[in-house]
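Asker: Dropping a structure here in structure tokens format, bear with me for questions.
The values are calculated or read from the model by the stated rules, or taken from the named source; none is laboratory data. Here the structure is a predicted model, which means the values were calculated and not measured. Cβ: placed from backbone, ideal geometry, glycine included. Neighbour counts: every protein chain shown.
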Amino acid sequence: MSSRPKKILYVITKSVWGGAQRYVYDLATHAAAEGHDVAVACGGTGPLLNALQQAHIRVISIPMLERDVSIGKEVRVFTTLLALFRRERPDVIHLNSSKVGGVGAVAARLVALTNGRSTRVLFTVHGWPFFEPRPYHERALIFLTSWVSTLFQQAVILISARDYRASRWFIPEGKAVLIQHGIAPIQFSTREEARTFLARRTGAAIRSDTIVLAATGELTRNKGLDYAIRAMARVKSSLPNHPCHLLIMGDGEERQPLLDRIRALGLEQSVSLAGFVPDARRYLTGADIFIMPSLKEGLPYAIMEAMAAGLPVIATSVGGIPDLIEPGINGMFVPPRDERALAEAITTLITEPDLRHAYGSRARQRAEQTFKMEAMTARTFALYDQ
């Protein structure tokens, strides 16, 4: 970024702690460390807001950003953002999430036209919503609104190769830029410390020979964790003499349905929901296998962090996950919504320790060589200057 300090405003809909929120936190804290005037506008309250305040980043809470889509609500959000941008007068507006990518870009460009100030408007795509499993007419409408939104954005950042390839059909060359996530070095707990913490947190009976499967993230339907729980029932049935435990770190709207599924399958001693765990990545060293049976993803930080912890990964090949996992090298792919295939993959890694360790070692090597925080922030901040 240029030497002249900039006023940068990040906008995101939710204050949970998912991949998009982690991305905003990383950019905001690094920009502030470089001497820029940084603020984050976000919907609701939660871990993101708390983390930003602890890092002394100014937070502008706008509860209505965390909303279901409707014409009336979009109009209110538009007028609210219009007033915000006029008041803040930022040099850069960096929008995140599809729900603000459109209305936010239109509001930003309108303010720039009326006040004569040059404001750079960027949008990061955390997974194109038209790839989600929906009826065709809904996907067509979402594609149309996504295309119209990009007309008001001066740069569109894609975080996965799949989304970047799709963008080339409707975004002019030079406007769409592929910038993948990076992670900073992680201060992992030792395996013993991590297992002790997780056992105390959940009440789980984790023995020294227990194979621990970990999953982290916001508890939403798109994470596919219901399939993971059902797969565990199959694993426990087929491997009664192999102690194993699925530990899920995160919170969200699906917590109660997942608890109900655990109880219905009689898995209270085999599956634990740890809730939101601050800096959960530190404790990944207490696990043996990482799973992500998602139905939709951008480029998941959780997989990068699991790989950095030396864990083999079992995941679906959705979104940007194929950018991270090489099946047969550092992990395994299973189809979405396929509890049987997921159970078979888990069984393979439980019963073949040499394969499990080989995948984990290669995963760590790839993470150390590829996922650089400095590269992500430098390339992103360069777009703020153009």
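Asker: So for the range 24-40 (the condition being farther than 17 Å from residue 92 by Cβ and touching a strand residue (DSSP E or B) at 6+ places or on another chain (Cβ under 8 Å)), does at least one residue qualify?
Answerer: Within the range 24-40, not a single residue is farther than 17 Å from residue 92 by Cβ and touching a strand residue (DSSP E or B) at 6+ places or on another chain (Cβ under 8 Å).
Asker: Filter the range 161-182 for residues that are touching a residue at least 40 places away in the same chain (Cβ under 8 Å) and touching a strand residue (DSSP E or B) at 6+ places or on another chain (Cβ under 8 Å) and give the result.
Answerer: Correct list: 161, 163, 167, 177, 179, 182.
Asker: Of all the residues that make up the range 185-205, how many are more than 25 Å from the chain's Cα centre (by Cα) and surrounded by 19 or more Cβ atoms within 10 Å (Cβ to Cβ)?
Answerer: Number satisfying all stated conditions: 2.
To keep it simple, each residue is scored yes or no on (1) surrounded by 14 or more Cβ atoms within 10 Å (Cβ to Cβ); (2) touching an Asp or Glu at 6+ places or on another chain (Cβ under 6 Å); (3) assigned by TED's automatic domain parsing to the domain that holds residue 300.
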site	(1), (2), (3)
44	yes, yes, no
49	yes, no, no
75	no, no, no
82	yes, no, no
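Asker: Which residue out of 259, 324, 284, 311 is in contact with a strand residue (DSSP E or B) (Cβ under 9 Å, 6 or more places away or on another chain) and surrounded by fewer than 19 Cβ atoms within 10 Å (Cβ to Cβ)?
Answerer: Details: 324 fails: surrounded by fewer than 19 Cβ atoms within 10 Å (Cβ to Cβ); 284 fails: surrounded by fewer than 19 Cβ atoms within 10 Å (Cβ to Cβ); 311 fails: surrounded by fewer than 19 Cβ atoms within 10 Å (Cβ to Cβ).
Of the residues listed, the single one that is in contact with a strand residue (DSSP E or B) (Cβ under 9 Å, 6 or more places away or on another chain) and surrounded by fewer than 19 Cβ atoms within 10 Å (Cβ to Cβ) is 259.
Asker: Then there's this: Residue check, residue 355 against (1) surrounded by fewer than 15 Cβ atoms within 10 Å (Cβ to Cβ); (2) hydrophobic (A, V, I, L, M, F, W, C); (3) out of contact with any Leu (no Cβ under 9 Å at 6 or more places or on another chain), all met but one. Which one?
Answerer: All conditions are met except number (3).
Asker: Could you check the range 245-345 for strands (runs of 3 or more DSSP E) lying wholly inside it with 1 or more residues that are among the small types (Gly, Ala, Ser) and either closer than 29 Å to residue 96 by Cβ or within 20 Å of the chain's Cα centre (by Cα) (or both)?
Answerer: 271-275, 313-315, 331-333
Yes/no matrix, rows are residues, columns are (1) closer than 28 Å to residue 374 by Cα; (2) within 22 Å of the chain's Cα centre (by Cα); (3) among the polar types (S, T, N, Q):
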position	(1), (2), (3)
28	yes, yes, no
39	yes, yes, no
46	yes, yes, no
53	yes, yes, yes
79	no, no, yes
92	yes, no, no
112	no, no, no
133	no, yes, no
136	no, no, no
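Asker: Check the range 199-214 and report whether any residue there is among the hydrophobic types (A, V, I, L, M, F, W, C) and in contact with a Phe, Trp or Tyr (Cβ under 7 Å, 6 or more places away or on another chain).
Answerer: yes
Asker: Can you tell me which residue within the range 346-386, out of those that are modelled with pLDDT under 95 and not in a helix (DSSP H, G or I), is nearest to residue 301 (Cα to Cα)?
Answerer: 371
Asker: Here is a further query. So, in the range 84-96, of the ones that are not in a helix (DSSP H, G or I) and not β-branched (Val, Ile, Thr), which residue ends up surrounded by the most Cβ atoms within 10 Å (Cβ to Cβ)? Let's see the steps before the verdict.
Answerer: Going residue by residue through the range 84-96, those that are not in a helix (DSSP H, G or I) are 89-96.
Filter once more, keeping what is not β-branched (Val, Ile, Thr): 89-91, 94-96.
Working: 89: 13, 90: 24, 91: 18, 94: 27, 95: 29, 96: 26.
The extreme case among them is 95.
Asker: Do the conditions hold for residue 213, that is, is it touching an Asp or Glu at 6+ places or on another chain (Cβ under 8 Å), more than 23 Å from residue 364 (Cα to Cα), outside any loop (DSSP other than H, G, I, E, B) and not β-branched (Val, Ile, Thr)?
Answerer: No, not satisfied.
Asker: In the range 142-156, how many are surrounded by fewer than 20 Cβ atoms within 10 Å (Cβ to Cβ) and hydroxyl-bearing (Ser, Thr, Tyr)?
Answerer: 1
Asker: Any residue in the range 363-373 that is small (Gly, Ala, Ser), within 21 Å of residue 224 (Cβ to Cβ), assigned by TED's automatic domain parsing to the domain that holds residue 221 and surrounded by fewer than 20 Cβ atoms within 10 Å (Cβ to Cβ)?
Answerer: no
Asker: Can we say residue 167 is under 22 Å from residue 23 (Cβ atoms) and modelled with pLDDT under 95? Walk me through how you get there before you give the answer.
Answerer: On the way: under 22 Å from residue 23 (Cβ atoms): yes; modelled with pLDDT under 95: yes.
When the stated conditions are applied, residue 167 passes them.
Asker: In the range 107-141, which residue that is touching a helix residue (DSSP H, G or I) at 6+ places or on another chain (Cβ under 7 Å) and among the aromatic types (Phe, Trp, Tyr) is modelled with the highest pLDDT?
Answerer: Among them, the one singled out is 123.
Asker: Could you tell me which of the residues 184, 155 is touching a Phe, Trp or Tyr at 6+ places or on another chain (Cβ under 8 Å) and modelled with pLDDT of 90 or more?
Answerer: Among 184, 155, only 155 is touching a Phe, Trp or Tyr at 6+ places or on another chain (Cβ under 8 Å) and modelled with pLDDT of 90 or more.
Asker: I'm checking my understanding of the structure. Among residues of the range 216-229 that are assigned to a loop (DSSP other than H, G, I, E, B) and in contact with a helix residue (DSSP H, G or I) (Cβ under 6 Å, 6 or more places away or on another chain), which one is modelled with the lowest pLDDT?
Answerer: The qualifying residue modelled with the lowest pLDDT is 217.
This table checks each residue for (1) of a type in the set (A, V, I, L, M, F, W, C); (2) more than 30 Å from residue 89 (Cβ to Cβ).
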position	(1), (2)
113	yes, no
117	no, no
138	no, yes
155	yes, no
172	no, no
176	yes, no
192	no, yes
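Asker: Can I ask one more? If you go through the range 12-30 one residue at a time, how many are in contact with a Ser or Thr (Cβ under 8 Å, 6 or more places away or on another chain) and part of a helix (DSSP H, G or I)? Reasoning before the result, please.
Answerer: Initial filter on the range 12-30 (in contact with a Ser or Thr (Cβ under 8 Å, 6 or more places away or on another chain)): 12-15, 20-21, 23, 26-27, 30.
This time we only want the ones that are part of a helix (DSSP H, G or I), so: 20-21, 23, 26-27, 30.
Result for the range 12-30: 6.
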